[in-house]
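J.: Here you go, one structure.
The values are calculated or read from the model by the stated rules, or taken from the named source; none is laboratory data. Small disclaimer: the values here were computed from a predicted structure and weren't measured. Ideal geometry is used to build each Cβ from the backbone, glycine not excepted, and the neighbour counts take in all protein chains shown.
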Amino acid sequence: MSVTKKKILLITPSRIIARGITSILEEHGGFTVETVLTDLSRENEATVRDSMADIVIVDPIIFDFASRPAGRSRISDLTDAAVIAAPTAVTDDETIKSYDETISIYDTPAAVISKLRNSLAQSAGGPRTENREELSAREKEILVSVAQGMLNKEIADRFHISIYTVITHRKNITRKTGIKTVAGLTVYALLNNLIDPASVE
Amino acid sequence: MKMADLIGADYRLLTVIYRLGIKLGFGEKTVEETCRESGVNCDTFLLIANVYATEGYVPTTEMMTAASAIDLVRYLHASHSYYLDHEIQDLSRIFEDLLRPCAPMQRDVIMRFFDGYREEVENHFAYEEDIVFPYVRSVAGGQRVEGYSMETFEENHNNIDEKLNDLRNIVMKYLPPVCDTVTAIKALSRLCTLEADLEKHTLIENSILIPMVNRLEGKCQ
């Protein structure tokens, strides 16, 4: 439901294609091209890893013939983003299938947008296999602190952990409980007797 | 195509026609006839129906030009009333029933969360009713208003689905065992319906209203 624009990272050696895709996406408004790379060199791998992209669009031609089938998984090692192929040369079916979606350079702008949305829906339901997962003792402590209104920084100080560890714990709490808001976590904590009702107003 | 066939194919469109002011009893009339008789722009109806029926629907420029921004705003306004006056009211009653057997502390905690959600929705809608819709009406009338633009709306159009999603998880996973299961099912299915409908509502605002008004803004200059 968010209107925050979805961030796109493009990897294509073609300036024409990069500009074409960028212009289609800017016109539509729901997406924004944050970064354009021409290949996946070591340096650029770091860019992909550090990017907050929601979708990576890549021309498989950037991988040489022998490594092309493994291209998709090379990108997945770097980021959780959905990965879409935009091939400019004939690419074998198996390789194409490994991508979340494939856009053709002859697609209409509407088709491109709808494929982009599709890929997001698919990767959101991503391959998560855990089933039975209770909150760990540490996660419960952190959940209680969140419910009491503490900020990430304060929680980090209280438990002598880094702020990144706090964020990871909070992500895991939300993943396990399905509850995202602080108010919702407070309800969880109270219903499960993790906190004394008197400690939250 | 017959209106009855369309509704038969996707019953969620019942709420759409209700909000557009189309009454039941259309018998064998076509979509076009039904719309015309109720004074509704048929293209606007089709745009909305497409958002419901097609996942990831992107309207064409022609569709967008043919539809009416005024009708769309009327629809969105009617949706707001529908959510607040029917859906959320009903849910509030269902929750009261559901939580009656609980300890007062548990009841209060969940009801307070529910009220918090209702307040958030009310504020979100109020902003659109007070600022955005009047703006769209004046732009549709060819008059550009200084100090506001669709871009500002786009930037500030925030999420209101998180709390609803939390509420659904709370009912499904963490309700005290004393609660009646049939009432809980009733609450859950209403929550799911509301969640799905609100998602379409937001989609209509983001993928139709915003580009449509962007275009009208261009014409004003």
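J.: Pick from B:Tyr52, B:Tyr57: which is out of contact with any Phe, Trp or Tyr (no Cβ under 6 Å at 6 or more places or on another chain), within 27 Å of A:Ile24 (Cα to Cα) and part of a helix (DSSP H, G or I)?
T.: Values: B:Tyr57 fails: part of a helix (DSSP H, G or I).
Among B:Tyr52, B:Tyr57, only B:Tyr52 is out of contact with any Phe, Trp or Tyr (no Cβ under 6 Å at 6 or more places or on another chain), within 27 Å of A:Ile24 (Cα to Cα) and part of a helix (DSSP H, G or I).
J.: I've got another one for you. Which one of B:Leu98, B:Leu91, B:Leu76, B:Leu84 is surrounded by 14 or more Cβ atoms within 10 Å (Cβ to Cβ), more than 11 Å from chain A (Cβ to nearest Cβ) and in contact with a Ser or Thr (Cβ under 8 Å, 6 or more places away or on another chain)?
T.: Numbers: B:Leu91 fails: in contact with a Ser or Thr (Cβ under 8 Å, 6 or more places away or on another chain); B:Leu76 fails: in contact with a Ser or Thr (Cβ under 8 Å, 6 or more places away or on another chain); B:Leu84 fails: in contact with a Ser or Thr (Cβ under 8 Å, 6 or more places away or on another chain).
Just one listed residue meets the conditions, B:Leu98.
J.: Same structure again: Being in contact with a Pro (Cβ under 6 Å, 6 or more places away or on another chain), part of a helix (DSSP H, G or I) and within 14 Å of chain A (Cβ to nearest Cβ): is that true of B:Met64 here? Explain how you work it out, then say what you get.
T.: On the way: in contact with a Pro (Cβ under 6 Å, 6 or more places away or on another chain): no; part of a helix (DSSP H, G or I): yes; within 14 Å of chain A (Cβ to nearest Cβ): yes.
Against the criterion (in contact with a Pro (Cβ under 6 Å, 6 or more places away or on another chain), part of a helix (DSSP H, G or I) and within 14 Å of chain A (Cβ to nearest Cβ)), B:Met64 does not qualify.
J.: Could I ask something else about it? Kindly indicate the residue of segment B:27-50 that is of a type in the set (Val, Ile, Thr) and surrounded by 19 or more Cβ atoms within 10 Å (Cβ to Cβ) and also nearest to the chain's Cα centre (by Cα) among those meeting that condition. Write out each step before concluding.
T.: Pass one, segment B:27-50, residues of a type in the set (Val, Ile, Thr): B:30-31, B:34, B:40, B:44, B:48.
This time we only want the ones that are surrounded by 19 or more Cβ atoms within 10 Å (Cβ to Cβ), so: B:31, B:34, B:40, B:44, B:48.
On the way: B:Val31: 21, B:Thr34: 22, B:Val40: 18, B:Thr44: 15, B:Ile48: 11 Å.
Among residues in segment B:27-50 that are of a type in the set (Val, Ile, Thr) and surrounded by 19 or more Cβ atoms within 10 Å (Cβ to Cβ), the one nearest to the chain's Cα centre (by Cα) is B:Ile48.
J.: Of the conditions (1) surrounded by 18 or more Cβ atoms within 10 Å (Cβ to Cβ); (2) assigned to a loop (DSSP other than H, G, I, E, B), A:Ala18 fails just one. Which one is it?
T.: Unmet condition: (2).
J.: Do we have any residue at all in segment A:183-197 that's more than 10 Å from every other protein chain (Cβ to nearest Cβ), more than 23 Å from the chain's Cα centre (by Cα), under 30 Å from A:Ser73 (Cβ atoms) and modelled with pLDDT under 90?
T.: No, segment A:183-197 contains no residue that is more than 10 Å from every other protein chain (Cβ to nearest Cβ), more than 23 Å from the chain's Cα centre (by Cα), under 30 Å from A:Ser73 (Cβ atoms) and modelled with pLDDT under 90.
J.: A follow-up question, please. Restricting to segment A:94-110, name every residue that is farther than 17 Å from A:Lys6 by Cβ and either within 11 Å of chain B (Cβ to nearest Cβ) or part of a strand (DSSP E or B) (or both).
T.: Selection gives A:Thr102, A:Thr108.
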